Amino acid sequence: MTNRKSDALAAFHAFPVTVDIVALTVRDAALHVLLVRRLLEPFKDRLALPGGFVLPGEALAEAARRELAEETGVERLPGHLEQLASYGPAGRDPRGDVLTVAHLVLAPDFPVVAGGGDASEALWVPVDRVLGDDGALAFDHARILGDGVERARAKLEYSPLGAAFCGDEFTIAQLRGVYEAVWGVRLDPRNFHRKATGAAGFLEETGEVSSGEAGRPAALFRLAPEARSGNRAVLNPPLMRPVA
């Protein structure tokens, strides 16, 4: 029995663990993902999600932050980070069995990115350009990206994380632009305003105004205290995606 347990324990350590990062932001009214061009084989010169091997004794979130910094130059995460899902270990890397734990980052803006480490360059790419194209990205990263985008879309329905793509203060029109970019739909301005401001514990007015659509002053909002308390806040009622 002891030998069987020892053999099983050895099997658990028979393959390495990596992290991959789905970093999303809204640029030019479209959802973008941060990608790197691989410097080394396998998949040399192909686009991929930032990521790499977890070091001994390193926490997964720590590894995700380190790899993002090494491969894209983003030293400090400007937004929300959460674990997305695990993939593998079999069949996803030509070098052998590799388990990856993907992480999702949502942010309004990122510092200037630059390739480093195992990446020759880092660049922002519209999600629509690579989503659903199994040949666009290295490894199984198209699948991971698809899961990350769907997680982001769902979170906008039930959580206040839509504002993670905005600054500290924003207009309802700016927030609506985030929902439109992430969901890939056009929303009725009046209906969205009513739903966003009617969701309990979501938004509060700052008392200030900013230039809104067509240069007209628009009220500035920020997250309500309940929504700022953590990512467990739930919108009530939720802001549901329009049915296609």
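The values are calculated or read from the model by the stated rules, or taken from the named source; none is laboratory data. Note that the structure is a prediction, hence the values are computed from the model and not measured. Here Cβ is always computed from backbone atoms with ideal geometry, including for glycine, and neighbour counts include all displayed protein chains. Surface accessibility is based on the protein's heavy atoms, side chains included, excluding ligands, DNA and RNA. Shrake-Rupley method; radii C 1.70, N 1.55, O 1.52, S 1.80 Å.
Please state which one of Phe139, Phe170 is assigned by the TED database to the domain that holds Leu99, over 16 Å from the mean Cα position of the chain (by Cα) and among the aromatic types (Phe, Trp, Tyr).
Exactly one residue qualifies, and that residue is Phe139.
Got a sec? Which of Arg76, Arg151, Arg92, Arg46 is under 16 Å from the mean Cα position of the chain (by Cα) and over 25 Å from Trp183 (Cα atoms)?
The unique qualifying residue is Arg76.
Got a number for residues in the stretch 66-82 being of a type in the set (A, V, I, L, M, F, W, C) and surrounded by fewer than 17 Cβ atoms within 10 Å (Cβ to Cβ)?
Number of matching residues: 1.
Residues of the stretch 50-75 being in contact (Cβ under 8 Å) with a residue 12 or more places away in the chain and assigned to a loop (DSSP other than H, G, I, E, B), which ones?
Within the stretch 50-75, Pro50, Val54, Gly73, Val74, Glu75 qualify.
Out of Ala63, Ala154, Ala85, Ala114, report the one residue that is open to solvent by less than 30 Å² (accessible area, probe 1.4 Å) and either of a type in the set (A, V, I, L, M, F, W, C) or within 30 Å of Asp168 (Cα to Cα) (or both).
Going through Ala63, Ala154, Ala85, Ala114 in turn, just one is open to solvent by less than 30 Å² (accessible area, probe 1.4 Å) and either of a type in the set (A, V, I, L, M, F, W, C) or within 30 Å of Asp168 (Cα to Cα) (or both): Ala63.
Output the residues belonging to the stretch 107-161 that are under 27 Å from Gly88 (Cβ atoms), free of Cβ contacts under 8 Å to residues at least 40 places away in the same chain and either touching a strand residue (DSSP E or B) at 6+ places or on another chain (Cβ under 7 Å) or not basic (Lys, Arg) (or both).
Leu131, Gly132, Asp133, Asp134, Gly135, Ala142, Gly146, Glu150, Ala154
For the stretch 157-204, which residues satisfy the criterion of being in a loop (DSSP other than H, G, I, E, B) and polar (S, T, N, Q)?
Ser159, Thr171
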